[in-house]
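The values are calculated or read from the model by the stated rules, or taken from the named source; none is laboratory data. In this text, all values refer to a predicted model and were calculated from it rather than measured experimentally. Cβ sites come from the backbone with ideal geometry, for glycine too, and all protein chains shown count toward neighbours. Only protein heavy atoms, including side chains, enter the accessible area calculation; ligands, DNA and RNA are left aside. Shrake-Rupley method; radii C 1.70, N 1.55, O 1.52, S 1.80 Å.
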Amino acid sequence: MAIEQPATRPANPRFSSGPCAKIPTFTLDKLSDAALGRSHRAAVGKDKLKAAIEGTREILGIPADYKIGIVPASDTGAVEMAMWSLLGERKAEMLAWESFGSGWVTDVVKQLKLDAEVKTAEYGEIVDLASVDCNNDVVFTWNGTTSGVRVPNGDWIADDREGLTICDATSAAFAMDLPWDKLDVTTFSWQKVLGGEAAHGMLILSPRAVERLESYTPAWPMPKIFRLTKGGKLIEGIFRGETINTPSMLAVEDYLVALDWARSVGGLQGLIGRANANTKAIADFVELHDWIDFLAHDPATVSNTSVCLKFTDERIKDGAAFAKSVAKRMEAEGAALDIGAYRDAPAGLRIWCGGTVETSDIEAMLPWLEWAFQAEIEAQA
């Protein structure tokens, strides 16, 4: 017999893994100071772009000698720019345990056609990080947005490495402690942990990465949108807010508002605490219910942002259809939106737990998950 519907729904049922929930205090009038109808090269535009860069540095604790640039095409553009500009000087080591990491493998092996050692793991697992040779250039995702598996720490990255580490941190930045001394290139996008608007990526370069850019020229033609150097020198303007192409000043304003909110909740540690509290609420639920579990096999690698779950009940005949039906029931009831697993991932659910999500909304959503599960079990029977 199906359980009764819960009495309370989440105040905000948006648990999408990208674009993610806006900051809890968001209203459109907060964007009223946006430099609309003005050139991004005018003083007001430059000031706002510079504020976005320096606000990022402040909250994430990025070292003063690292370069931070706003680049086109979201995190994807930032990763591609890094790979096309930096790889090829030495052997590459590609690490992949979910769909986006696999995409970077495809680009390096099939498009750039580089000598690369590819190390992969199934969804829910992670590659053997102790086997990685950091004298190669290493490309990896810190947090697998589609697998719910994250790198537990940066201890495996050698301090005296000869190669560069290129880290896609798009669902990790602002939710996890990133060891900047271990990362030579780091990328993320605004629409993830801070719930900003899409289309813009962030590219963060260590001094070692800058040295590579200025001493190595790739063998292939470089599209204008990827060019980070001119005459063998870094284009410094990119890292002062002089963007390669025209940015959306409305999106810039939205990011600045999100950075202000991040300061108000305690900066990086406050954001990490919020994400951890959200994930703990789900972990407590999983502990009490034997029909659901994390997709990640090792508790040390469970993401605190893109939390991926799988159904384990033996009565389920078609896992993919069952998970889709559960997500559909919850959406129809306004209890949770956009929580289906990523299209390439195993059947299950994916619930965003980044800092813009309120723990009270996670706690209000979980009884609906139990209701939807029981209702779907009955319907299947």
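Annotations for the structure displayed:
- L250 at pLDDT 95 or above, part of a helix (DSSP H, G or I) and open to solvent by 50 Å² or more (accessible area, probe 1.4 Å): yes
- Exactly one residue out of A199, A251 is in contact (Cβ under 8 Å) with a residue 24 or more places away in the chain, in contact with a Phe, Trp or Tyr (Cβ under 9 Å, 6 or more places away or on another chain) and at positive phi, and it is A199.
- Close contacts from segment 147-173, counting a first residue that is at pLDDT 95 or above and in a loop (DSSP other than H, G, I, E, B) and a second that is surrounded by 17 or more Cβ atoms within 10 Å (Cβ to Cβ) and of a type in the set (D, E), with Cβ to Cβ under 8 Å and a gap of 6+ residues or different chains, come to S147/E98; G163/E93; G163/D137; L164/D137; L164/D184; T170/D75.
- Members of segment 134-157 found to be open to solvent by less than 10 Å² (accessible area, probe 1.4 Å), within 18 Å of T120 (Cβ to Cβ) and in contact with a helix residue (DSSP H, G or I) (Cβ under 6 Å, 6 or more places away or on another chain), listed by number: V139, T141, T146, V149
- Filtered by the rule that a residue be assigned to a helix (DSSP H, G or I), surrounded by fewer than 20 Cβ atoms within 10 Å (Cβ to Cβ) and among the aliphatic types (A, V, I, L, M), segment 300-324 gives A300, A320, A321.
- Conditions (1) in contact (Cβ under 8 Å) with a residue 12 or more places away in the chain; (2) farther than 28 Å from L337 by Cβ; (3) of a type outside the set (D, E): number failed by I59: (2)
- Number of positions in segment 325-353 that are in a helix (DSSP H, G or I) and surrounded by 16 or more Cβ atoms within 10 Å (Cβ to Cβ): 6
- Residues within segment 113-126 that are open to solvent by 40 Å² or more (accessible area, probe 1.4 Å) and either at negative phi or touching a helix residue (DSSP H, G or I) at 6+ places or on another chain (Cβ under 6 Å) (or both), tallied: 8
- Identity of the residue in segment 212-236, aliphatic (A, V, I, L, M) and either open to solvent by 80 Å² or more (accessible area, probe 1.4 Å) or out of contact with any helix residue (DSSP H, G or I) (no Cβ under 8 Å at 6 or more places or on another chain) (or both), that ends up modelled with the lowest pLDDT: A219
- Of the helices (runs of 4 or more DSSP H) that lie entirely inside segment 6-112, those containing 3 or more residues that are touching a helix residue (DSSP H, G or I) at 6+ places or on another chain (Cβ under 8 Å), open to solvent by less than 50 Å² (accessible area, probe 1.4 Å) and more than 15 Å from F188 (Cα to Cα) span 43-60.
So that you can scan it fast, the table gives a plain yes or no per residue for (1) within 22 Å of T187 (Cβ to Cβ); (2) not hydrophobic (A, V, I, L, M, F, W, C):
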| site | (1), (2) |
| --- | --- |
| I238 | yes, no |
| N245 | yes, yes |
| A262 | yes, no |
| L271 | yes, no |
| R274 | no, yes |
| A281 | no, no |
| L288 | no, no |
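- Contacts under 9 angstrom Cβ, first residue in segment 300-317 being within 13 Å of D290 (Cα to Cα) and without any contact (Cβ under 8 Å) to a residue 12 or more places away in the chain, partner open to solvent by 30 Å² or more (accessible area, probe 1.4 Å) and in a strand (DSSP E or B), 6 or more apart: none
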